[in-house]
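The values are calculated or read from the model by the stated rules, or taken from the named source; none is laboratory data. Computed from a predicted structure; not experimentally measured. Please note: Cβ atoms are built from the backbone with ideal geometry, for glycine as well, and neighbour counts cover all protein chains shown.
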Amino acid sequence: MAGTIKEDMVTMSYVPAQNHTPGSKRPIPYDPNSGGEFRGNASSSFGNETILGYIDQVNHTYDYLTGSYGIINEHQLISGKCTDYAKVHPDAEVGKRVFYITELSNIAMEWCKTSREAVELIGTLIDKHGYYGTEETLIFRDPKEVWVIEMWGGTP
């Protein structure tokens, strides 16, 4: 059962494991907190409910906690993040730059058992679907190792 806890403007949610039918697609929503204020423009042409694209869904996802960013999943994969504020902050573009750090961290929690898998998955998703917003760092830890990935939206 999904649940939500709110305190001090932070919302934590439990996302249960799910089974998906073959051929299912996972929507990728726009994140309005992707760094527009660092471009001198906090607004975007996209609304909070805008879907920037879809990716193939896996057959089974793992349960996890999220607070906008993925926190921990059922396999003890945990995630932390750091915003690095690069000079280039491209906005999202439907079908071209569809990912920001928040959804990447949640997908890693849904799909991955290890920190290495999480970093490899995120790299593949960025290469295929693009990245927008501020420069970010994600740190993943599983019971055996730690991996770090840095990303920024400086490429077209």
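For residues in the range 123-135 being in a helix (DSSP H, G or I) and over 11 Å from the mean Cα position of the chain (by Cα), which is nearest to Lys81 (Cα to Cα)? If we take residues in the range 123-135 being in a helix (DSSP H, G or I) and over 11 Å from the mean Cα position of the chain (by Cα), then Gly123 is nearest to Lys81 (Cα to Cα).
Restricting attention to the range 57-95, the residues that are crowded, with 17+ Cβ neighbours inside 10 Å, of a type in the set (D, E, K, R) and modelled with pLDDT of 95 or more total 0. For Ile78, the requirement of being over 11 Å from the mean Cα position of the chain (by Cα) and in contact (Cβ under 8 Å) with a residue 40 or more places away in the chain is met. Do you know which of the residues in the range 118-135 that are without any contact (Cβ under 8 Å) to a residue 12 or more places away in the chain and under 23 Å from His75 (Cα atoms) is surrounded by the most Cβ atoms within 10 Å (Cβ to Cβ)? Among them, the one singled out is Glu120.
Taken over the range 136-156, the criterion of being crowded, with 20+ Cβ neighbours inside 10 Å, assigned to a strand (DSSP E or B) and either at pLDDT 95 or above or in contact with a Lys or Arg (Cβ under 9 Å, 6 or more places away or on another chain) (or both) is satisfied by Glu136, Leu138, Phe140, Ile149. Against the test of being without any contact (Cβ under 8 Å) to a residue 60 or more places away in the chain, within 23 Å of Pro27 (Cα to Cα) and within 14 Å of the chain's Cα centre (by Cα), the options Trp111, Trp152 yield a single qualifying residue, Trp111.
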